[in-house]
Amino acid sequence: MTGERLSAFACVLGTVLFSAGCTGEKGSAPKRYAVTSVIDGDTIDIDDGRRIRLLGIDTPERFTDPECYGDEAFNHLAQLLGDSKVELEYDIEREDSFGRTLAWVRTSELFVNAQMVDDGFACVLIIPPNGAEYEAFLESLESGAQSANRGLWGACGNCDVPALQAGALSR
């Protein structure tokens, strides 16, 4: 799915979900948050002090045991978010064992979690009970990115390749 088609789909999907009250608290309009920092390709901090872990995706690690495409995933998420404010959609479980808030993240133009997969900077990672609603959609985006060798699929071959091993493969 092209970025333009994905954006259009995300806008339609987001409109349906947001109008159905899937974000924030019941009966409230979606709250928009400023991103204060991008931690890595699947984690951000927002202006209310929370750390947000993007649901449904996994990006290569940058810090401990760096993996192929970790820095690129970080940079791509930062570029996608820019100065945009984000809206959060929660799933069944709202917090992980590290105390991070789990959420689907959108800007006014993008379904960020899906865009990371479609662009080849993230792999699908569904951890039940969360993610059932988007699993098939994300997997189809991942399949397209993989088939086209976009992003990490062309550079690393798959997810979770150690950076040192990836460097050896590219020589």
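Brief remarks on what is shown
- Over all other residues within a Cβ to Cβ distance under 9 Å of Asn113, the charged ones net out to 0, with Lys and Arg as +1 and Asp and Glu as -1.
- Exposure ranking of Arg150, Arg100, Arg51 by accessible area [1.4 Å probe, largest first]: Arg51, Arg150, Arg100
- Using θ = phi - 60° in the Karplus curve 6.51 cos²θ - 1.76 cosθ + 1.60, the 3J(HN,Hα) couplings for segment 46-63 round to 10, 5, 8, x, 7, 9, 10, 9, 5, 6, x, 10, 9, 10, x, 6, 10, 9 Hz; x is entered for Gly and Pro.
- Calculated FRET value between Thr64 and Ser143, using beta carbons and R₀ = 35 Å, to 0.05: 0.75
- Between Ile92 and Gln79, full extension at 0.36 nm per residue minus the direct alpha carbon distance yields a gain of 1.8 nm.
- Angstrom value of the Kirkwood radius, inverse mean 1/r, which spans all Cα pairs in segment 25-81: 12.4 Å
- With a cut-off of 13 Å between beta carbons, the residues surrounding Trp104 carry a summed charge of -4, where Lys and Arg count +1 and Asp and Glu -1.
- Ser37 accessible area, 1.4 Å probe, all protein chains in place, Å² to nearest 10: 40 Å²
The values are calculated or read from the model by the stated rules, or taken from the named source; none is laboratory data. No experiment lies behind these values; they were computed from the predicted model shown. Glycine gets a Cβ as well: all are built from the backbone with ideal geometry, and neighbour counts include every protein chain shown. Protein only, heavy atoms only, side chains kept; ligands, DNA and RNA dropped before computing areas. Shrake-Rupley method; radii C 1.70, N 1.55, O 1.52, S 1.80 Å.
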